[in-house]
Amino acid sequence: MATSPADITAIPADLMKLVEALHRISPNRFHAMVNRAATAAEWYDAVLALRYAANSRELRDTGDERVHGLCEEIRRHVARIDDVFQMALLPASPGQQREWEEALAADGHARQVFRTDGSLHISLLDADLQGTALHVRRAWNHVCNFTGSWTDFTIELDEAQAADWQARRARLRAMQEAIENRRPARAP
């Protein structure tokens, strides 16, 4: 996936080209949603809705192969976006796994976010790191809706996990700046 600052900042512009191409062929509400988003959080929520629609009848219910092709390109491109906005955390040890399970036990929604491999997929926008304590407010599991599950839990990371989180958060900040500094176009 993209790692250089130039790649990261190009991702939103590349998605917008796909959204505009789709809108020219088949006008849709996502063009305006993505364009009007003022913050990275609003933009990402619009992108999540777009991805869901690109995989559903809402956008695909057409016989136009160009629409189908653009929907596939959008889905692949959103995977690159997810790689910047989300992070998979894998426990470093069975002991850490137990600690995380105990930390999530109080929140019924949070207990459902563990994947079969024991990992947690979290939103980097909706998490804060204080030392090695990670406070998470949104996570994804394999059966949740497309916007993730809103939750509230804190887990302890080891030093390597905390360093990885900080590096990924820096990539997200670069994308946030690209999103929030763009000039939203007016929807037709």
Once amide H atoms are built 1.01 Å from N in the peptide plane, which residues 5 or more positions from residue 138, or in another chain, come under 5 Å H to H?
123, 151
In whole angstrom, the spacing between the Cα centers of the stretch 84-104 and the stretch 8-73 equals 32 Å
Result for the stretch 87-174: accessible area per residue, probe 1.4 angstrom, in square angstrom, of 50 Å²
Estimated vicinal HN-Hα couplings, Hz - the stretch 43-57 in sequence order (Karplus 6.51, -1.76, 1.60; Gly, Pro = x):
4, 5, 4, 5, 5, 4, 5, 4, 4, 4, 5, 5, 10, 10, 5
Report in % the part of the accessible area of the stretch 87-174 that belongs to carbon and sulfur, leaving out ligands and nucleic acids; probe 1.4 Å.
51 percent
Projecting each Cα onto the charge dipole of the stretch 87-174 (Lys/Arg +1, Asp/Glu -1 at the beta carbon, about the Cα centre), which of 135, 120, 170 comes out farthest on the positive side?
170
Whole-Hz ³J(HN,Hα) for each residue in the stretch 8-25, computed from phi via Karplus 6.51 cos²θ - 1.76 cosθ + 1.60 with θ = phi - 60°, x for glycine and proline: what do you get?
4, 6, 7, 4, x, 5, 5, 5, 4, 4, 5, 5, 5, 4, 5, 5, 5, 7
Grab the beta carbon distance between residue 130 and residue 56, set R0 = 45 Å, and tell me the FRET efficiency rounded to 0.05.
0.70
Reviewing (1) 22; (2) 28; (3) 32, the figure for percent of Cα pairs over 31 Å apart actually calculated from this model sits under (1)
Quote the charge dipole size of the chain about the Cα centre in Debye, to the nearest 20; the model charges only the Cβ of Lys and Arg (+1) and of Asp and Glu (-1).
820 debye
By accessible area with a 1.4 Å probe, ligands and nucleic acids excluded, highest first: order of 33, 16:
33, 16
Shape call, the stretch 87-174: gyration tensor on alpha carbons, a/c limit 1.5:
oblate
Cβ-defined net charge surrounding residue 146, 10 Å radius [Lys, Arg +1; Asp, Glu -1]
0
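The values are calculated or read from the model by the stated rules, or taken from the named source; none is laboratory data. Every value quoted in this text rests on a predicted model; they were computed, and no experiment measured them. Neighbour counts run over all protein chains shown; Cβ positions are idealised from the backbone, glycine included. These accessible areas exclude ligands, DNA and RNA; they are computed on the full protein's heavy atoms, side chains included. Shrake-Rupley method; radii C 1.70, N 1.55, O 1.52, S 1.80 Å.
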